[in-house]
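Working notes, structure below.
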Amino acid sequence: MRTGMNVFAALVVSALVVLGATIFTVDQRQHAIVFQLGEVRSVIDEPGLYFKWPLIQNVRYFDKRILTLDAAEPERFITSEKTNVLVDSFTKWRIIDPKLYYVSVAGDESRAKTRLSQTVNAGLREEFGKRTVHDVVSGERDQLMELMREKADLDARKIGVQIVDVRVKRVELPSDVSESVYRRMDAERKRVANELRSQGAAEAEKIRADADKQREVIVAEAYRDAQKLKGEGDATAAATYAQAFQRNPEFYAFYRSLEAYRNSFNGKSDVIVVEPSSDFFKYMKSIGRGGDNTAK
């Protein structure tokens, strides 16, 4: 009885082992290739439960998802301006033909990445050589990326791979070139600043000269108007005096003499030498005689 149970258990275990060696599953994220004695027998793309012959058939799985090829180090390219630039890029790719992929690179992902990296770098080097730094940084960047994806995809199809996208993460100048560009930009900015300062100084001088001119004109016109008004006032005053003095010439002569006396004896230390019989003292004498007559 015990022997029969042992045999039955052995048969069950053997059946399970055979069944395990016969059945395999394919995940929705995988491709599967069934090999028979090293030769590709079938390619399975749909997920599910499948059977294979044990011992003579084996299965290899390949990732169906989009994979990323990221450059380990930035590559140095030369633009149409003969300027060295460091370019950091990445590529999105996936396996679309597992059989061709296996035949081309033996299903080795590292070999596939090497092939794709060479293809993308060669394409970027060619396209960068046709464009300026401005074009690859901003001007034609989107167009460049799409063109690179198409070119790389044509070559990648030969190994059963599709290039989904090619992107440039960063474009930089080497340190020595960056320093040179910085110095050139600094010199250019200083030149522009000096030019603006010169233009500002010239404009300021022009404004200052115009203001001085306007000031001179305003002062001259004001002086002219003042002299005109003064002349008109003097003329009016002279006419008024003349009209008044014409009524009494003797009073006018007396008034003029008083003005002369006042101007002549303005200071205490003033000295004047005049003959006593001079007409200068005419009214003084008259006043003196008048005073005597009055006294008398």
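The values are calculated or read from the model by the stated rules, or taken from the named source; none is laboratory data. Since this is a predicted model, take the numbers as computed values, not measurements. All Cβ positions, even for glycine, are placed from backbone atoms using ideal geometry, and neighbour counts span all protein chains on display. Note: areas computed on protein heavy atoms with side chains; ligands, DNA, RNA excluded. Shrake-Rupley method; radii C 1.70, N 1.55, O 1.52, S 1.80 Å.
Under a point spin-label approximation (7 Å from Cα along Cα-to-Cβ), what is the Ala242-Val43 distance to one decimal in nm? In this crude spin-label approximation the distance works out to 12.8 nm. Using a simple spin-label model with pseudo-atoms 7 Å out from Cα toward Cβ, Arg65 and Gln143 lie 3.7 nm apart.
The length gained by stretching the chain between Val217 and Asn194 to full extension, at 0.36 nm per residue less their Cα-Cα distance, is 4.9 nm. Once the Cβ-Cβ distance of Gln36 and Lys158 is raised to the sixth power relative to R0 = 35 Å, the FRET efficiency obtained is 0.85. Once the Cβ-Cβ distance of Gln28 and Ile56 is raised to the sixth power relative to R0 = 30 Å, the FRET efficiency obtained is 0.65. Distance between the 7 Å Cα→Cβ label points at Ser110 and Ala72: 1.0 nm.
In summary, the aspartates and glutamates within cross-link reach of Lys230, defined as a Cα separation below 20 angstrom excluding same-chain residues under 8 places away, comprise Glu221.
Quick check: Cα centre of the stretch 161-221 to Cα centre of the stretch 16-65, how many Å? Value for the Cα centre distance between the two parts: 69 Å.
Using the 1.4 Å probe convention, the accessible area of the stretch 20-82 works out to 66 Å² per residue with neighbouring protein chains retained.
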